[in-house]
Every structure is written in structure tokens, then in C-alpha cells.
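In what follows, a single structure is set out as C-alpha cells and then discussed.
The values are calculated or read from the model by the stated rules, or taken from the named source; none is laboratory data. All of these numbers come straight from a predicted model, not from anything done at the bench. Glycine also receives a Cβ, built like all others from the backbone with ideal geometry; neighbour counts cover every protein chain displayed. Side chains are part of the model used for accessible areas, which takes the heavy atoms of the whole protein and leaves out ligands, DNA and RNA. Shrake-Rupley method; radii C 1.70, N 1.55, O 1.52, S 1.80 Å.
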Amino acid sequence: MTIPAAGPVIACRNLCKTYWLGDLVVHALRDVTLTIASGEYVAVSGASGSGKSTLLNLLGALDTPTSGALSIADTNVTAMTTEALAELRNRFIGFVFQQFNLLPRATALDNVKLPLLYARNRIADPDGVAAEQLAAVGLADRAHHLPSQLSGGQQQRVAIARALVNNPRIVLADEPTGQLDSGTTRELLALLRHLNERGLTIVLVTHEHDVAAEATRRLQFVDGRLVSDERTEPLGAEAPR
Ligand SMILES: Nc1ncnc2c1ncn2[C@@H]1O[C@H](COP(=O)(O)OP(=O)(O)O)[C@@H](O)[C@H]1O
Ligand SMILES: [Mg+2]
């Protein structure tokens, strides 16, 4: 797959998401303006209900904003059809969730293979590609296990292999270590760091300080607003914001 010319992988301006529940109006995201460059490792923190998951769902084209502009991989997504959004997700974005979200009756290999079956450009050997991806997360010998036969950390690694199998530009992870013990958390963070060092853009939601400390940029949300944006490492030539 060819990757579009370098530019921000994600850019949003005055992004808002509002939910109406009867008479109640919830401003889940308020006026978020943000650019994420290729290769960044971004942690998103904030109290429960501050809009972190809402943001991630918008950045991953799983949901559409109420107002504001959003582009993903140099594509303006604000006016896209559902089908076009699905294709963009499939090509550019990998998701990892706190609850793993694996299919319980499918083996590790079949779970990893799933996104390949939806890809527009069918590949010749989906089993081979999925097996390679499982090996890359250290699970070559668990390919034919069901999720229930794997530990939490192994299940999350299967989920990461699934997120990576279409060779995405961005991985969005919503509290991926929330269900893991501290040892498994460290293993998972080492894997994410390795992927970032190989050029993958990562946006990771967490409320744990030591997990956020892994990232090279930290965003903080309060009540749907972006209140702080700090880089701990300078970002080469791609820094204009
Ligand atoms: N589908 C929805 N319908 C109505 N309100 C929602 C929905 N999703 C989220 N919210 C509300 O939006 C706010 C932000 O939620 P969320 O993004 O899930 O926060 P976080 O992930 O930081 O805990 C919360 O007040 C939440 O109750
Ligand atoms: Mg959340």
C-alpha cells in the first residue's frame, strides 16, 4: 500500500460533539483544534467523562462531529458517506479497545484475518499475512487458540495484531491497558513503543500517569475541552501548528 505524501495524519479545527438526551444537552467535545503529525505518539488524558473516547471515535471516523472540520490522512472526512468512511478506516486506521473486542468463537488467527476480508484490495494469502502479524506480536504459537484460551495480555496482543494487519498509518487505542496487570501493561507498552519507533502514529487514551509518560506528546481534557498540549520530545521538521 502506498502512503500519501507526508502531512498531518490528523487535523481538526473547532471540533464539537454534542449529544441531546431529551432536554439534556451534553457537550462531549468543545472546540477542539489539533494537528497530529506522522510518527507522533500522543497520550490523551482526563477524568472520566471528559470526552476522551468521543475524541478517539471522531479521529477514527467511527463517529461524525456535530460541527468543525476534520481531516484524516489528508482526506476531509466531514462530508463523507458511511461507505467512504468505512473504507478510510479500513485503509488507514487500526483500533484497540479496553475490552479487546475479539470475536469469542474465532481463533486468534481468524480474529487477526478479519479486517483483510473487508479490504478493497484483496490480498493473495490472508492466512499468511495474519500469521506473520501474530508472530510480530509474539503469538506465533497461539494462532489456533480461542480468546478464552488466552490471557488478557495475549488477547490484547491479538487485538493489536488485528489493528495492524491492514498496515494502517494510525493506531488509536482507548485505555488498552485498563484490563491488564502491571507486568502485562509494561509488555504492551514496549510493543507500542516498538511500533512507534518504526514510524506508526499512535494516539492512546489513558488515565494512568505511567502509561501517559510513554508518549512524546500529552493532551489533557477537562469537560470536553483540550486544556493542555505538551511535547516531551521535539518533533523534527514537522512541528508547525
Ligand atoms: N452516545 C452518547 N450519548 C449521550 N451522551 C454520551 C454518549 N457518549 C458519550 N456521552 C457523554 O459525553 C461525555 C464524554 O464521554 P466520553 O467521551 O465517553 O468520556 P471519557 O472517555 O473521557 O470517559 C460524557 O458526559 C458522556 O456521558
Ligand atoms: Mg472513555
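Of all residues in segment 114-134, one or more are closer than 24 Å to Leu189 by Cβ and free of Cβ contacts under 8 Å to residues at least 24 places away in the same chain. Of all residues in segment 64-71, none are within 14 Å of ligand 2 (Cβ to nearest atom) and either at pLDDT 95 or above or closer than 18 Å to Ala163 by Cβ (or both). Of all the listed residues (Ser48, Ser71, Ser67), the sole one being closer than 25 Å to Glu197 by Cα and of a type in the set (Ser, Thr, Tyr) is Ser71.
When only residues in segment 94-140 that are aromatic (Phe, Trp, Tyr) and open to solvent by 40 Å² or more (accessible area, probe 1.4 Å) count, which is farthest from Gln156 (Cα to Cα)?
Taking the candidates together, the pick is Tyr118.
For segment 152-168, the count of residues that are surrounded by fewer than 19 Cβ atoms within 10 Å (Cβ to Cβ), out of contact with any helix residue (DSSP H, G or I) (no Cβ under 7 Å at 6 or more places or on another chain), among the polar types (S, T, N, Q) and farther than 30 Å from Ala212 by Cβ is zero. Among the candidates Phe100, Phe95, the residue that is of a type in the set (Phe, Trp, Tyr), within 16 Å of ligand 2 (Cβ to nearest atom) and out of contact with any Leu (no Cβ under 8 Å at 6 or more places or on another chain) is uniquely Phe100. Of the strands (runs of 3 or more DSSP E) lying entirely inside segment 121-230, those containing at least 1 residues that are over 17 Å from the mean Cα position of the chain (by Cα) and not basic (Lys, Arg) are 217-222. Determine if segment 215-224 includes at least one residue that is under 27 Å from Gly152 (Cβ atoms), within 16 Å of ligand 2 (Cβ to nearest atom) and modelled with pLDDT of 95 or more. Yes; the residues of segment 215-224 include at least one that is under 27 Å from Gly152 (Cβ atoms), within 16 Å of ligand 2 (Cβ to nearest atom) and modelled with pLDDT of 95 or more. With respect to Arg217, is the statement that it is open to solvent by less than 20 Å² (accessible area, probe 1.4 Å) and among the charged types (D, E, K, R) true? For Arg217, the condition - open to solvent by less than 20 Å² (accessible area, probe 1.4 Å) and among the charged types (D, E, K, R) - is met. The residues of segment 197-213 that are surrounded by fewer than 22 Cβ atoms within 10 Å (Cβ to Cβ) and closer than 24 Å to Ser50 by Cβ, listed by number, are His207, Glu208, His209, Asp210, Ala212, Ala213.
If the condition is being open to solvent by 10 Å² or more (accessible area, probe 1.4 Å) and among the aliphatic types (A, V, I, L, M), then segment 174-188 contributes only Leu180.
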